[in-house]
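The values are calculated or read from the model by the stated rules, or taken from the named source; none is laboratory data. All of these numbers come straight from a predicted model, not from anything done at the bench. For neighbour counting, all protein chains shown are included, and Cβ atoms are generated from backbone atoms with ideal geometry for every residue, glycine included. Calculation scope for accessible area: heavy atoms of the full protein, side chains included, ligands and nucleic acids excluded. Shrake-Rupley method; radii C 1.70, N 1.55, O 1.52, S 1.80 Å.
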Amino acid sequence: MSQTAQLISPNFSDIFAPNIEIGQFPDGDSHVRINPIADCKDAEVTIFHRLYPKQNTSLVSLLLILDSLKEVGAKHISVVAPYLPYSRQDKKKLNGEVASAYVICNLLARAGCDKLITFDCHFLNKEGPAEFGELKMQNISMGKALVEYAKANVFLGEACEVITPDMGANYLVKDHGGKSYKKTRKEYEGDKIAYRDIGQMDGDFDVKGKNVLLLDDMISTGATMIKALEKLTEGGAKKVCCAATHGLFLYNCVDKIKKFTDCVYSTDSIINDNAKVSIKEKLAGLAAAQPTLF
Ligand code: R5P
């Protein structure tokens, strides 16, 4: 078997013990020190590094690590980054706008990333291997684990409908009835070119008196979940719960969601107070399937 090495970033310390140091110079430049660098020569290296929060700094740190590994002669480099920032900017809406998802993926590939292993990546609509721009990827889904959590801990054995608030996340519910609302966003308004409000959310599901789990790839500002919660409330749903793989939970949106339901949770792909389901088991499964990763 080939020689392997694992590099653990300090921002993965909730799962593995870190063996690289990442800090900042006084002016804010990133400082990276890879203590086991000698072990990476001719090795299959796996880097465990979160890219959120502080996505720009975290991405630069990763580029520094990748280039150093290339320089030292690593044979194959996999990166495990549970949430991929910039993944929602995969299309150009405006003249001159940058489709930054491609830029980020290409930068990672060119810096030496042979494979990015990530979870429920926004622009990938299925689990498994994929290629995006120049980057080879592996998309792992937390959909099943999130549904199982709700069944066991929220609905306590009672039946529940599982619905995604938009079509993009439909693959998460394909084994649970495949129901999704159709969400459209408004056009950019005024000088607000970095966010489009939600326009319509279409879909007429009979939810009267039923338990419903709303499941999405991410909760960011919470606007999508809140729109879906309004629809479910109008439709007379019984108990409703919101879950997502990635919990960014911006602008105190948990408090806004809690006006409709006290049930809202995510995985620990991004460390947050509402994480109830861990990516650890999936990582262990990955290690069993690809022994050179760990
Ligand atoms: C978008 O299509 C995604 O699947 C999520 O629905 C969206 O990114 C969530 O963002 P927010 O919480 O800001 O509505």
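Quick notes on this structure:
- Close amide H contacts of THR46 (hydrogens built in the peptide plane, cut-off under 5 Å, sequence separation of 5 or more or a different chain): ALA5, GLN6, LEU7, SER78.
- Applying a threshold of 20 Å to the alpha-carbon distances of LYS183/LYS238; LYS92/LYS183; LYS258/LYS280; LYS151/LYS238 flags LYS183/LYS238; LYS258/LYS280 as lying beyond it.
- Among beta bridges identified by DSSP and lying wholly in region 148-243, the antiparallel ones come to about 30 percent.
- Residues whose amide H comes within less than 5 Å of that of ILE117, counting only those at least five positions distant or on another chain, are VAL79, VAL80, ALA81, GLN138 (H built at 1.01 Å from N in the peptide plane).
- Per the Kirkwood formula applied to alpha carbons, region 71-117 shows a radius of gyration over Rh ratio, Rg over Rh, of 1.09.
- Karplus-derived 3J(HN,Hα), 6.51/-1.76/1.60, for each residue of region 194-208, Hz, glycine and proline x: 10, 7, 10, 5, 6, x, 9, 9, 9, x, 10, 9, 7, 10, 4
- Charge dipole (Cα centre; +1 on Lys/Arg Cβ, -1 on Asp/Glu Cβ; no other charges) of the chain amounts to roughly 580 debye.
- Relative contact order of region 53-206, taken over Cα pairs closer than 8 Å and 6 or more residues apart, is 14 percent.
- Dipole magnitude (debye, nearest 20) for region 136-238, charges at Cβ of Lys, Arg, Asp, Glu: 180
- When the surface is traced with a 1.4 Å probe over the full set of protein chains, TYR195 keeps roughly 70 Å² accessible.
- Derived scalar couplings between HN and Hα for region 115-122 equal 7, 9, 9, 9, 10, 5, 6, 3 Hz in order, rounded to whole Hz, by the Karplus curve 6.51 cos²θ - 1.76 cosθ + 1.60 (θ = phi - 60°), x for Gly and Pro.
- Between helix 223-234 and the chain: long-axis angle, C-alpha atoms, 0 to 90°, nearest 10: 20
- Highest mean packing first, where packing is the average number of other Cβ atoms within 10 Å per residue, the peptides 22-31, 142-151 line up as 142-151, 22-31.
- Classification of region 136-294 by its C-alpha gyration tensor yields an oblate form. The axis ratio a/c (a ≥ b ≥ c) is 1.5 or more, and b/c is at least a/b.
- The value of relative contact order for the chain, using C-alpha pairs under 8 Å at least six residues apart, is 13 percent.
- On Cα atoms only, tilt of 280-289 relative to the major axis of the chain in degrees: 60
- Here region 62-138 is treated with +1 on each Lys and Arg Cβ and -1 on each Asp and Glu Cβ, and its dipole about the Cα centre works out to around 140 debye.
- When only Cα pairs below 8 angstrom with a gap of at least 6 residues are kept, region 138-201 shows a relative contact order of 22 percent.
- Candidates per chymotrypsin sites (Phe, Trp or Tyr not before Pro) in region 197-276, loop by DSSP, up to 13 other Cβ within 10 Å: TYR251
- Crossing angle, helix 55-72 versus the chain [Cα axis fit, 0-90 degrees, rounded to tens]: 30
- Nonlocal amide H pairs with PHE132, under 5 Å, H built at 1.01 Å: MET137
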